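To start, the structure itself, in structure tokens.
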Amino acid sequence: MRALPFPCIRPVPEHAAEVAALPYDVFDRAEAAAYVADRPLSFLNIDRPETQFAPEQDMYAPEVYERGAALLRERIEDGTLVEDRNLSYYIYELSWEGRTQTGIVAVCSVDEYEQGVIKRHELTREEKERDRIEHIGALGCQTGPIFLAYRDQPVLDMIVGAAKTSTPLYAFTDEDGVRQTVWEVVRRDAVDALHAMLGQIPCAHIADGHHRAASAVRVAQRMREEARAAGTYTGKEPFNYFLSVLFPASQLTILPYNRVVADRNGLSTYELLEVLHGAGFGIVESPVPVEPRERGVFGMYTDGTWYELRADQPDARAYAESTGGGTDGEASEVRVADASEALVGDAPSSGDSDAFACAASSPVDDLDVSILQTCILAPIFGIDDPRTDERITFVGGIRGTEELERRAGAEGVAFTLCATGIDQLLAVADAGLVMPPKSTWFEPKLRSGLFIHRIAKQ
């Protein structure tokens, strides 16, 4: 892989803790505005510049992005941020709840993203890309690092470990209890060693930040066209690379990404339980919230009660059959791995029983999010496309079961899942496939504002 050192815009050490912010996309608009109200130096002011305007302001208007660019210039001019001209790597360590992950901050090749050396496992939405495209264009900078994973390289681990013996550039514990430690690697021999070993990595996988990556690539493509038209393109321009942090896969922590459906799709609680039983799920009422720790087990909350659903023999066809005269209560003899081919392509229609063919065809089939979608959400709740259906919301596992209960209310249904494994993520990406939306929630989140990659003069 081409993962290069770069000149970095970054906070001065005394302001690093105040600047560092959670990614822009973990906040809704109201949450972002409330967060920055008493945090003037937080990078979220720049990442979400609509927070500087009244709530009725169009958050995608040109003046909003211009305000973000102006704030960035102000923070450089007042000394909160500095432009470090050294071609450096950075070692970025996050420690949380007894776990530590250590990554390498670098800029990675747009060409390798386009060639599939940097692998994806999620689809992106154009409207979400458009926002970051405009943001990058206005600032002339990439401000949110792409979270990449690579299969462990012991020699690279040794080099990173040696770099961590020096004095940290930053060391602070953020308000979420995550210990943030950063070392700058600027010595030529250390830079060369990291460069050589990163070059031995055959590929990397996007863990988090698909929209940020796609947006950076779209901006690069546009700037390439402009440079070629002007006859100035060399291939060495900064926009040919995007800001990344590369972590060994074994160190990463994935939390579940749970679901809440707004209603029971016209079913009573009793009818819903009967349909689930007829579809091959074992059901046990639980006196406490269900937070699955093994694959093939789901929690379901509705009408004030938690249930454990065990996908021993799920048959997505059963509901379509039951609508003609109910189920006989006998579980179908269909294997878990056979239940969810639909998520490889389009989600099936709830009335199309032929869509639920039973051949395990890809690593996507084994995902609990696939089983939930194919065997429950599509056929029972009529949620054929979770990307666009307004009846479903996604809740990161870090928010807890109380949040799920609150969102479900009296009429809704919440589902908890076992977290997707990093081995599953790598297998899906290696196969060139995509996961269902919101399949992974990584914790801790990388902070924005600690590393900024300038791609154009402003």
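Per the conditions (1) within 30 Å of ILE9 (Cα to Cα); (2) in contact (Cβ under 8 Å) with a residue 60 or more places away in the chain; (3) not aromatic (Phe, Trp, Tyr), the sole criterion not satisfied by VAL297 is (1).
Determine if region 58-69 includes at least one residue that is over 17 Å from ILE133 (Cα atoms) and of a type outside the set (Asp, Glu). No: region 58-69 contains no residue that is over 17 Å from ILE133 (Cα atoms) and of a type outside the set (Asp, Glu).
Check LEU417, LEU404, LEU426, LEU450 and return the single one that is in the same structural domain as ARG67 (by TED's automatic domain parsing) and either surrounded by fewer than 18 Cβ atoms within 10 Å (Cβ to Cβ) or of a type in the set (A, V, I, L, M) (or both).
LEU450
Scanning region 102-113 for residues that are surrounded by fewer than 20 Cβ atoms within 10 Å (Cβ to Cβ) and either assigned to a strand (DSSP E or B) or not assigned by TED's automatic domain parsing to the domain that holds VAL245 (or both) turns up just one, SER109. Among residues of region 243-283 being of a type in the set (Val, Ile, Thr) and touching a Lys or Arg at 6+ places or on another chain (Cβ under 9 Å), the one that is surrounded by the most Cβ atoms within 10 Å (Cβ to Cβ) is VAL261.
Conditions (1) surrounded by fewer than 20 Cβ atoms within 10 Å (Cβ to Cβ); (2) among the small types (Gly, Ala, Ser); (3) part of a helix (DSSP H, G or I), marked per residue:
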{"position": "CYS8", "(1), (2), (3)": "no, no, no"}
{"position": "ALA17", "(1), (2), (3)": "yes, yes, yes"}
{"position": "ALA30", "(1), (2), (3)": "yes, yes, yes"}
{"position": "TYR35", "(1), (2), (3)": "yes, no, yes"}
{"position": "THR51", "(1), (2), (3)": "no, no, yes"}
{"position": "MET59", "(1), (2), (3)": "yes, no, no"}
{"position": "GLU66", "(1), (2), (3)": "yes, no, yes"}
{"position": "ALA69", "(1), (2), (3)": "yes, yes, yes"}
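Out of LEU433, LEU377, one residue alone is modelled with pLDDT under 95 and surrounded by 15 or more Cβ atoms within 10 Å (Cβ to Cβ). It is LEU433. Within region 284-301, the residues that satisfy the criterion of being crowded, with 16+ Cβ neighbours inside 10 Å and not in a loop (DSSP other than H, G, I, E, B) are VAL297, PHE298, GLY299, MET300, TYR301.
The values are calculated or read from the model by the stated rules, or taken from the named source; none is laboratory data. Fair warning: this is a prediction, and the values are worked out from it, not measured in the lab. As a convention, Cβ positions derive from the backbone with ideal geometry for all residues, glycine included, and neighbour counts pool all protein chains shown.
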